Amino acid sequence: MSDTEISKFISLILRHKPEAIGITLDEHGWADTEQLIHGINQTKHITMDDLERIVAQDQKQRYSFNEDHTKIRANQGHSIPVDVELQECTPPELLYHGTGEKFTSSIEKQGLIPKSRLYVHLSQDYGTAVKVGQRHGKPAVYIIDAAGMAKDGYTFFLSVNGVYLTKEVPVKYLKREK
Ligand code: HQG
């Protein structure tokens, strides 16, 4: 099994479904590292060295260990309600959101909503947004007037791996780019 496949499984466990391997997360999203490895080993094979490598080399730096590596959590992307101690931030003037073209008519009526996740995910660059959009078929990209939202009192967070997060983006702050 490739590191990417194992990483996708770890994302599922640490963001959405820890019960799939019989573990729980604490209120800050931490899993016990040994329990995670043990749980994964019910169906796959992984050692602590593998996990260290996957965390260190992850393209999007999706995971963090605590100081002594006895705990691990996903940095963002959760659907289960955990508090990963996100840092509130002042966003840049503009942010981008990539989505599927099939969602655009609904988005243009409702604005961006988190759907199954805790937050709407936004990126600082257009290229990342295109890639995120491609996960949903033909991509569409929105430019978000983040400075305008911040001025109007909306709160933004920046995850430790550089993803901007906010609870919703009403239609008036959205402009279709692609
Ligand atoms: C769309 C990946 C209809 C939204 C990525 C998105 C990201 C609406 C989809 C991270 C809507 C939810 C998150 C509305 C929003 N009507 N559709 N009103 N509002 N949507 O996967 O942002 O590789 O939950 O546009 O890189 O695609 O997993 O969110 O298309 O950072 O680390 O509903 O996941 O990171 O899809 O992706 P998702 P996302 P990882």
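Per-residue ellipticity at 222 nm from helix content only, as computed over the chain with -39500 (n - 2.57) for each DSSP H run of at least four residues, stands at -7500 deg cm²/dmol. Local charge for I144 was computed over the other residues whose Cβ lies under 15 Å away, with Lys and Arg +1 and Asp and Glu -1, and equals -1. When only Cα pairs below 8 angstrom with a gap of at least 6 residues are kept, the chain shows a relative contact order of 21 percent.
When a/c reaches 1.5 or more, the comparison of a/b and b/c decides; with that in mind, is the stretch 1-72 rounded, prolate or oblate per its Cα gyration tensor? Here the stretch 1-72 falls in the rounded category. In degrees between 0 and 90, to the nearest 10, how far off the longest principal axis of the chain does helix 48-57 point, with axes built from Cα atoms? So the inclination is approximately 20 degrees.
In this calculation the C-beta distance from A20 to Q57 is compared with R0 = 25 Å, giving a FRET efficiency of 0.60. Determine ³J(HN,Hα), in whole Hz, for all residues of the stretch 15-24 in sequence, where each value follows from phi through the Karplus function 6.51 cos²θ - 1.76 cosθ + 1.60 and θ = phi - 60°; x replaces Gly and Pro. With the stated coefficients, the stretch 15-24 comes to 10, 10, 9, x, 5, 4, 10, x, 10, 10 Hz.
Stretching K175 away from Y154 to a fully extended chain increases their span by 5.8 nm, per 0.36 nm per residue minus the current alpha-carbon distance. Cα-based radius of gyration for the stretch 79-169, normalised by 2.2 N^0.38 Å, reads 1.03. Taking 1.567 mPa s as the viscosity and 4 °C as the temperature, the Stokes-Einstein diffusion coefficient of the chain based on its alpha-carbon Kirkwood radius rounds to 75 µm²/s. Tell me, how many Å apart are the Cα centres for the stretch 109-165 and for the stretch 46-85? The stretch 109-165 and the stretch 46-85 have Cα centres separated by 22 Å.
With 30 Å as the limit, write out which pairs from K44/K102; K44/K138; K131/K172; K8/K178 have Cα-Cα distances beyond it, or answer none. Don't skip to the answer; put the middle values down first.
Numbers: K44/K102 35 Å; K44/K138 33 Å; K131/K172 24 Å; K8/K178 28 Å.
The answer is K44/K102; K44/K138.
Read-outs: derived from the displayed coordinates by stated rules, not from any lab. This structure is a prediction, so every number in the text was calculated from the model and none was measured. Backbone-built Cβ (ideal geometry, glycine too); neighbour counts: all protein chains shown.
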